[in-house]
Structures are given as structure tokens and as C-alpha cells.
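Below is one structure, written out as C-alpha cells, with a few remarks after it.
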């Protein structure tokens, strides 16, 4: 449900940006210090949005990798603890069996 709300919000935001861009079809000058570029405002907006989306994708991908790494680390730790506990249980069961044999003699 949360994902659907995010998607709907994104679509609404994109529609609003498109309307804004259509209302602002004029040309703008971008000064880079060593040169000046004249491009339509619509193109500038779309380039800015595209760069924002790429940056967002990269940051979320990095975050996902970090979370997966932490998950795998915790999973390995849990598996080792389960293995250790099973060995202790087996050892205690063996001790119990040996004590039972001693009592029967």
C-alpha cells in the first residue's frame, strides 16, 4: 500500500512538473564560467529531474547493498549460534544417556 501511494505521488508530481514546463517554454541562459549555453527551460527541467532520479537510484542502491550485507552478516551469526546450541544439546543428551546407563548398572 505504501509503495502504491509513493507511485501515485510520483505520477502526480511528474504531471505537475510537465504542466509547469509547458507553461515555461522560454529559453534560459546557463553560465558555466567559461561558456554560456542557451537551452529551453523545459529541457533544463527534464535534465534536472533526470539527474535527481539517477542520484536517488544510486543512493537507494547503495543503501540496499548495505542492508543486504548486514542481513547476511546477521544470518551467518544466527546460523553459527544455532549450530553451537545444537552441539551443546547433543553433548548434554550424550551426558544424560551416559548418566542413565550408570544409574542402571
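Taken together, the values in this text are just the output of simple stated rules run on the coordinates, not laboratory data. Please read these numbers as outputs of a predicted model, since none were measured by experiment.
The long axis of helix 2-23 is offset from the longest Cα principal axis of the chain by roughly 10 degrees. For the chain, the longest principal axis of the alpha carbon atoms and the long axis of helix 41-104 meet at an angle near 0°. Listed values [x] 31.1, 101; [y] 14.0, 42; [z] 13.7, 40 include one computed from this model; for Rg and Dmax of the Cα atoms in Å that value carries the label [x]. Please tell me the relative contact order of the chain in percent, rounded to the nearest whole number, where contacts are Cα pairs under 8 Å and at least six residues apart. Computed value for the chain: 12 percent relative contact order.
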